[in-house]
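In what follows, a single structure is set out as structure tokens and then discussed.
Every number in this text was worked out from the coordinates using simple rules, so none of it is lab data. Predicted model, so just to flag it, every value in this text is computed and none were measured. Cβ placement follows ideal geometry from the backbone for every residue including glycine, while neighbour counts extend to all protein chains displayed.
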Amino acid sequence: MKSESSLTVSSAPRVGNLIGGVLGMLEGFPTSILQLLLRLGIASVFFKSGLVKIESWQSTVFLFKMEYKVPVIPYEAAAYMSAAVELATPVLLVLGLATRLATLPLLGMTVVIEIFVFPESWSEHLIWAAILLVLLCRGPGQISLDRLVGPWFKERLGI
């Protein structure tokens, strides 16, 4: 009859091998698919917001004047800039075109929204910023137009 400790010891390598195999599969998951999913996810957040802004423009301008109170920039200009950025940059992210450049205004908007508009939503803004920072630092991945046109631009710019 086997003792309880011998069962645990003999089954430990099998459990370890199983966990190691699963971790190996997860680590081998294509980063480009993750980058594509990050691009699509964050693009949808900002694009939906842009659509809401243009759907009811008078309400948008009113919100920028009375509630959002973005500093320095006149409220009407802030409303136009916000809508333009939220509608244009998500398209670039979905296509994976000028991805790193497209993340910059979205990161700026996220900071402004966090500091001046909805500071209580810091956890959501932290997620947005983390996604945008991954795309800024690691790029759009293989599944992108940047991958196709990047070499052409690098050659022309001497990078």
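Details
- Filter pass, I54 being within 26 Å of the chain's Cα centre (by Cα) and of a type in the set (V, I, T): yes
- Each residue in region 68-113 was checked for being over 16 Å from the mean Cα position of the chain (by Cα) and more than 11 Å from F46 (Cα to Cα), and 15 pass.
- Where a residue in region 109-138 is polar (S, T, N, Q) and its partner, wherever it lies, is in a helix (DSSP H, G or I), with Cβ under 8 Å and at least six apart: T110/H125; T110/W128; T110/A129; T110/L132; S121/I113; S121/E114
- Filter result for M25 (of a type outside the set (S, T, N, Q), assigned to a helix (DSSP H, G or I), within 22 Å of P119 (Cα to Cα) and free of Cβ contacts under 8 Å to residues at least 40 places away in the same chain): no
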